[in-house]
Amino acid sequence: MKNELFPWLILFLPLLSATVIALFTLRSKTVSSLISIGAVAAGFVLTCLFVNSNGIHYSGESSVNWLTIGGLNVDFGLKLDALSMMMLFVVTGVGGLIHIYSYSYMDEDAGKARFFAFLSLFTFSMLGIVLSNNFLMTFIFWELVGVSSYLLIGFWFEKPSAGDAAKKAFITNRLGDFGFLAGILMVWGLLGSLNFSALQNAMVANPAALGASATIAGLLVFCGAAGKSAQFPLHVWLPDAMEGPTPVSALIHAATMVAAGVYMLCRTLFLYNADALHVIAYIGGFTALLAALMAVQQNDIKRIIAYSTLSQLGYMVMAVGLSGPTPAMFHLTTHAFFKALLFLSAGSVIIGMHHEQDIWHMGGLKKKMPVTFWTFTIGALALSGIPPFAGFYSKDSILAQCLEQKNYLLFGVAVFVAGLTAFYTFRLFFVVFFGKEKSDHAKHAHESPLVMTAPLVILAVFAATGGFIGITNNYGSQFAADHETLSLAQQFLEPLKTPVPMFIGIGVAVAGIVLAFLLYKNADTDPLPAKLGVLATWMRDKFYFDEFYEKTFIRAHDFLAAVADWIDRWILEGAIIGAIRGGTDLSGRALRLAQTGNLQTYTILFVLGVVLLLYFVLGK
Amino acid sequence: MHVGLQHYLAVSMILFCLGLLGVILRRNLIVIYMSLELMLNAANLALVSFSRFNDKLDGQVLVFFIITVAAAEVAVGLALIVALFRKRQSAHVEDLTSMKL
């Protein structure tokens with residue numbers, strides 16, 4: 001391996017940046033943000049150099065022994081292959097653009113330096129997950145990502161809603177992580193190793209190595225992915241996480257962290273048997289459908305995109321479940337481009353609108369924010385799956401995967417969700433950028449500065465072309481040995497090989513856009529609730545999942561907590577500790593009576609004591 | 001009547017018990033002090049008689065020590081009692097309870 005040191009540098013530069021900012025430069029906004037941007041930009045450059053010298057299809061590990069306890073041998077090691085290197089590009093590339101965008105977006109915030117320290121910490125943790133070569137290290141960075149996500153969602157901690165959202169995200173993730181840890185322990189117990197390569201070799205040598213518990217082990221590991229990637233039933237935290245600053249939503253809750261679950265599934269694909277994959281596929285499909293329905297009736301610009309993220313994550317998980325890691329990772333990568341683009345454009349709109357997020361207060365922004373309008377358009381077309389934008393290629397490959405696996409139910413779900421996606425995306429698009437200005441803020445909206453629009457333009461280029469610049473080649477070689485490398489033109493025409501999903505996909509997307517155009521072109525209020533009635537209310541209220549959890553799980557948890565509190569207060573502290581304390585107190589009071597202060601009483605007691613001693617020593 | 005070791009020891013025990021009773025029952029510090037001396041001398045008598053009847057001088061040596069220490073103790077103790085009396089105008093043990101809680 002050439003330039004062996006580079007991956008280590010890529011990993012640790014952001015940590016160094018976070019440390020330096022936290023310890024030395026918190027006072028200076030500019031220095032802090034430049035350090036943080038420098039760290040991630042250097043990471044991107046080093047990634048390019050590393051891939052340039054070793055090639056993207058390189059595969060190897062670079063590790064040091066970390067600890068040995070009995071039979072447990074844990075390395076701190078980096079796994080370098082096409083999968084992790086592509087993810088390095090996504091995290092440092094898209095992440096770097098978001099860092100630059102934040103430089104302007106957070107300019108007026110007093111906590112800008114703190115923000116960049118957290119951002120660097122997050123980048124470090126995410127790179128750790130991407131590069132990790134064993135389960136334990138993945139788990140540690142997994143938790144670190146959770147912590148930095150918590151810190152960033154709660155960045156505006158003086159708002160109670162932000163604090164609550166941060167807690168909700170963290171606790172919901174903990175639920176998934178509990179299963180993840182149990183799954184890791186189970187895999188270790190059965191296969192005796194935590195190293196991904198060793199595990200893969202063991203599973204290839206003996207596909208039944210996990211025995212009867214293969215399904216359970218696979219699903220437990222999937223629990224972790226379900227938490228991080230916000231899959232049903234742990235999906236509730238992601239929309240609330242929009243309380244964080246918009247660059248955070250773009251970086252963590254769209255492009256990278258929520259994709260970590262999908263990445264981990266692809267990394268450990270060898271663990272899952274057919275049953276586990278089946279469950280994973282249906283959970284993914286269900287999440288995609290559920291989130292798309294919810295997105296249709298949201299009115300907060302960021303929440304609509306958040307539900308769309310949930311829905312797209314459902315697509316990716318479904319693709320993994322249909323044994324299609326290549327389409328899943330392909331969609332993950334293109335999604336990182338266009339979803340980060342949509343979020344950052346939304347952030348630009350929010351800044352232009354003076355922190356107004358309700359789409360029914362916007363309108364007519366097309367003329368006032370031309371750059372944002374065009375970049376958002378590209379992002380929306382990519383998300384809707386209109387050729388030749390990136391989302392079309394990746395979504396088409398997932399649809400094709402459904403048909404290839406002959407799973408017509410999930411194919412139907414995926415097609416329906418594709419239509420819904422186009423519909424709610426363009427509902428947002430028409431309401432925000434067309435029609436009348438619906439508030440004073442919209443009349444006085446202004447375009448964002450160049451530092452914010454430049455990353456938008458770069459991301460827009462990738463969102464437009466990401467479908468045919470070789471992403472599938474790189475992932476394909478990772479997951480299938482016989483994958484043929486396609487030229488640019490071949491990739492461009494790749495969907496034509498499977499015309500059925502392609503035409504159905506384009507058809508529903510266009511139908512969704514036309515429907516959105518008819519309903520929302522000049523709408524001042526949402527016409528849908530009148531047409532759909534109670535269904536619209538259910539969609540708006542997210543199918544009452546939060547309320548349901550509140551009534552059941554949270555109430556049950558509160559009851560358990562009350563019981564534990566009662567036991568602690570009355571049995572542990574009241575009865576046991578109280579008895580010991582009371583006994584000591586009582587005997588102390590009794591013994592104090594002997595202390596009369598009278599010399600002669602002491603003498604009598606003393607003499608009696610001596611007599612007693614003499615009796616025992618001499619009397620026998 | 002032959003006077004043996006038992007007789008000496010009996011006298012010694014009577015003296016000791018008298019001294020003990022004095023310490024326990026009397027209220028005046030000076031009297032308690034004298035009773036203490038009585039107990040010491042009871043011990044001296046016992047030691048001397050052991051020494052005499054066993055034909056060894058160890059007991060006598062010990063008696064010299066006790067007499068010396070008792071003399072020193074009387075000097076210190078009487079000084080304390082005098083000082084106490086000057087301060088409190090009393091030498092009664094009932095009055096000396098200021099260490100009690």
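The values are calculated or read from the model by the stated rules, or taken from the named source; none is laboratory data. Everything numeric in this text was worked out from a predicted model, so none of it was measured. Using ideal geometry, Cβ is built from the backbone for each residue, glycine included, and neighbour counts are taken over all protein chains shown.
Structural remarks
- Residues that are more than 16 Å from residue A:597 (Cβ to Cβ) and among the small types (Gly, Ala, Ser), drawn from the stretch B:80-95: B:83, B:91
- Pairs, first touching a residue at least 24 places away in the same chain (Cβ under 8 Å) and farther than 24 Å from residue B:49 by Cα in the stretch B:6-30, second loosely packed, with under 14 Cβ neighbours inside 10 Å and charged (D, E, K, R), C-beta under 9 Å, six or more apart: B:27/B:94
- All of A:53, A:62, A:17, A:33 fail the test of being surrounded by 15 or more Cβ atoms within 10 Å (Cβ to Cβ) and over 24 Å from residue A:99 (Cβ atoms), apart from A:62.
- The residues of the stretch A:130-162 that are crowded, with 21+ Cβ neighbours inside 10 Å and among the polar types (S, T, N, Q), listed by number, are A:132, A:133, A:134, A:138, A:148, A:149.
- Between A:394, A:348, the distinction of being in a helix (DSSP H, G or I), within 21 Å of residue A:292 (Cβ to Cβ), under 24 Å from the mean Cα position of the chain (by Cα) and of a type in the set (Ser, Thr, Tyr) belongs to A:394 only.
- The residues of the stretch A:198-222 that are small (Gly, Ala, Ser) and either more than 25 Å from the chain's Cα centre (by Cα) or not in a helix (DSSP H, G or I) (or both), listed by number, are A:198, A:202, A:205, A:208, A:209, A:211, A:212, A:213, A:214.
- Test for residue A:574: is it away from chain B (no Cβ under 12 Å) and either within 30 Å of residue B:35 (Cβ to Cβ) or part of a helix (DSSP H, G or I) (or both): yes
- One residue alone among A:26, A:5, A:80 is modelled with pLDDT under 90 and surrounded by 21 or more Cβ atoms within 10 Å (Cβ to Cβ), and that residue is A:80.
- Scanning the stretch A:1-30 for residues that are without any contact (Cβ under 8 Å) to a residue 24 or more places away in the chain and assigned to a helix (DSSP H, G or I) gives A:5, A:16, A:19, A:20, A:23, A:30.
- Residue in the stretch A:586-614 that is nearest to the other protein chains (Cβ to nearest Cβ), counting only those that are among the small types (Gly, Ala, Ser), surrounded by 10 or more Cβ atoms within 10 Å (Cβ to Cβ) and assigned to a helix (DSSP H, G or I): A:609
- Restricting the stretch B:13-39 to residues that are within 11 Å of another protein chain (Cβ to nearest Cβ) and charged (D, E, K, R) leaves a set whose member that is nearest to the chain's Cα centre (by Cα) is B:26.
- Failed criterion for residue A:463 (all others in (1) in contact with a Phe, Trp or Tyr (Cβ under 8 Å, 6 or more places away or on another chain); (2) within 30 Å of residue A:527 (Cα to Cα); (3) crowded, with 23+ Cβ neighbours inside 10 Å hold): (2)
- Any hit, the stretch A:76-90, residues being outside any strand (DSSP E or B) and of a type in the set (Gly, Ala, Ser): yes
- Scanning the stretch A:429-460 for residues that are among the aromatic types (Phe, Trp, Tyr) and crowded, with 20+ Cβ neighbours inside 10 Å turns up A:429, A:430, A:433.
- Residue in the stretch A:524-546 that is more than 14 Å from every other protein chain (Cβ to nearest Cβ), β-branched (Val, Ile, Thr), loosely packed, with under 13 Cβ neighbours inside 10 Å and not in a helix (DSSP H, G or I) present: yes
- Within the stretch B:73-90, tally of residues that are within 14 Å of chain A (Cβ to nearest Cβ) and either in contact with a strand residue (DSSP E or B) (Cβ under 6 Å, 6 or more places away or on another chain) or part of a helix (DSSP H, G or I) (or both): 4
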